[in-house]
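Working notes for the structure below.
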Amino acid sequence: MRLSDAMREASDVAGMQIHRSHWVALDQITSMQRAAEAARVTLSNGTELPVSRGYLPAVRAAGLLPKTAKTCQSG
């Protein structure tokens, strides 16, 4: 299944694409880390995923990523 098809099927779940091969449910994000232009998301099961530079503006607009390099916890 293509990622775009899976995202369409999960449309009732609040989430967003963070990488060309990763979509995350927003309620599963426990923290976000940012170092310079690189960012990573940590999920409730401990999985860490990269955030592509192309998706940083959307992640930032969603309020998930701080403007300065640091870790933020989701609560």
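Some values worked out for this structure:
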| item | result |
| --- | --- |
| When residues of the range 46-61 are limited to those that are surrounded by 13 or more Cβ atoms within 10 Å (Cβ to Cβ) and among the small types (Gly, Ala, Ser), the one farthest from LEU3 (Cα to Cα) | ALA58 |
| Flag if ASP5 is at pLDDT 90 or above and either in a helix (DSSP H, G or I) or touching a His at 6+ places or on another chain (Cβ under 6 Å) (or both) | no |
| Matching residues, the range 10-25, being β-branched (Val, Ile, Thr), modelled with pLDDT under 90 and in a strand (DSSP E or B) | none |
| Residue within the range 36-45 that is of a type in the set (Asp, Glu), touching a strand residue (DSSP E or B) at 6+ places or on another chain (Cβ under 9 Å), open to solvent by 40 Å² or more (accessible area, probe 1.4 Å) and outside any helix (DSSP H, G or I) present | no |
| Tally, over the range 26-49, of residues that are out of contact with any Lys or Arg (no Cβ under 6 Å at 6 or more places or on another chain), at negative phi and at pLDDT 90 or above | 16 |
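For (1) open to solvent by 60 Å² or more (accessible area, probe 1.4 Å); (2) touching an Asp or Glu at 6+ places or on another chain (Cβ under 9 Å); (3) under 16 Å from GLY63 (Cβ atoms); (4) not charged (D, E, K, R), each residue gets a yes or a no:
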{"residue": "ASP5", "(1), (2), (3), (4)": "no, no, no, no"}
{"residue": "ASP12", "(1), (2), (3), (4)": "yes, no, no, no"}
{"residue": "ARG20", "(1), (2), (3), (4)": "yes, no, no, no"}
{"residue": "ARG34", "(1), (2), (3), (4)": "no, no, yes, no"}
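The values are calculated or read from the model by the stated rules, or taken from the named source; none is laboratory data. Computed from a predicted model, the values in this text were never measured in an experiment. Here the Cβ is made from the backbone with ideal geometry for all residues, glycine too, and neighbour counts use every protein chain on show. SASA here: full protein model, heavy atoms, side chains in, ligands and nucleic acids out. Shrake-Rupley method; radii C 1.70, N 1.55, O 1.52, S 1.80 Å.
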